[in-house]
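Data block below; observations after.
The values are calculated or read from the model by the stated rules, or taken from the named source; none is laboratory data. This one's a predicted model, so the numbers in the text were calculated from it and none came from an experiment. As a convention, Cβ positions derive from the backbone with ideal geometry for all residues, glycine included, and neighbour counts pool all protein chains shown.
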Amino acid sequence: MPAGTIAETTQLLTFKLGDEVYALDISKVREVLDFTSATKVPRTPDYMRGVINLRGSVVPVVDLRLKFGMSLPERAVNTCVIITEVVIDGDTLVLGALADSVQEVLDLEPESISPPPRIGATLRTEFIQGMGRQGEQFLIILDIDKVFSSGELASVGCRTEVIRMSGPKDP
């Protein structure tokens, strides 16, 4: 969904990281779960919070605040895990993205979405599909497929056969 080629209304799930509002294309979201705990995997980066059991499948959970270089807040009652489908090197993987809170699902018209800024963003702009406007509020629309590289996922022990859409392989 590159911002310059959006020709129809886009449905987005909005969520907060700190004081900023971010959004994901709703087609990339499977569900939203309350965050209780994750099993930490040794020798993984700080942003890799661990893994959770999602109906028998092992799903890695990544803290987007830490991934984007933000400070780590205390876990709050609204802290949640957005279960997303990420396409890496042609494989569809299931990942959990830890967020401070989920806001709403909204529809944005193409004229409400601008290309990502060229300078001055706190994120590397290749992660950003566009900047949405809802009234006076800006939304940072993430391209979740570009937030992670296959090398990063391999370095944290994510094996595609474990978290592939079809679930775990038979032993």
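Descriptive notes on the structure:
- Screening region 58-79 for residues that are free of Cβ contacts under 8 Å to residues at least 40 places away in the same chain and among the charged types (D, E, K, R) and picking the one that is surrounded by the fewest Cβ atoms within 10 Å (Cβ to Cβ) gives Glu74.
- Within region 80-89, the set of residues being free of Cβ contacts under 8 Å to residues at least 60 places away in the same chain and surrounded by fewer than 17 Cβ atoms within 10 Å (Cβ to Cβ) comprises just one member, Val87.
- Scanning region 29-46 finds one or more residues that are assigned to a loop (DSSP other than H, G, I, E, B), touching a residue at least 40 places away in the same chain (Cβ under 8 Å), among the β-branched types (Val, Ile, Thr) and surrounded by fewer than 20 Cβ atoms within 10 Å (Cβ to Cβ).
- Count - residues of region 71-119 that are part of a strand (DSSP E or B), of a type in the set (Asp, Glu) and either modelled with pLDDT under 90 or out of contact with any strand residue (DSSP E or B) (no Cβ under 6 Å at 6 or more places or on another chain) (or both): 1
- Within region 27-70, the set of residues being among the acidic types (Asp, Glu) and either within 21 Å of Val87 (Cα to Cα) or at pLDDT 95 or above (or both) comprises Glu31, Asp63.
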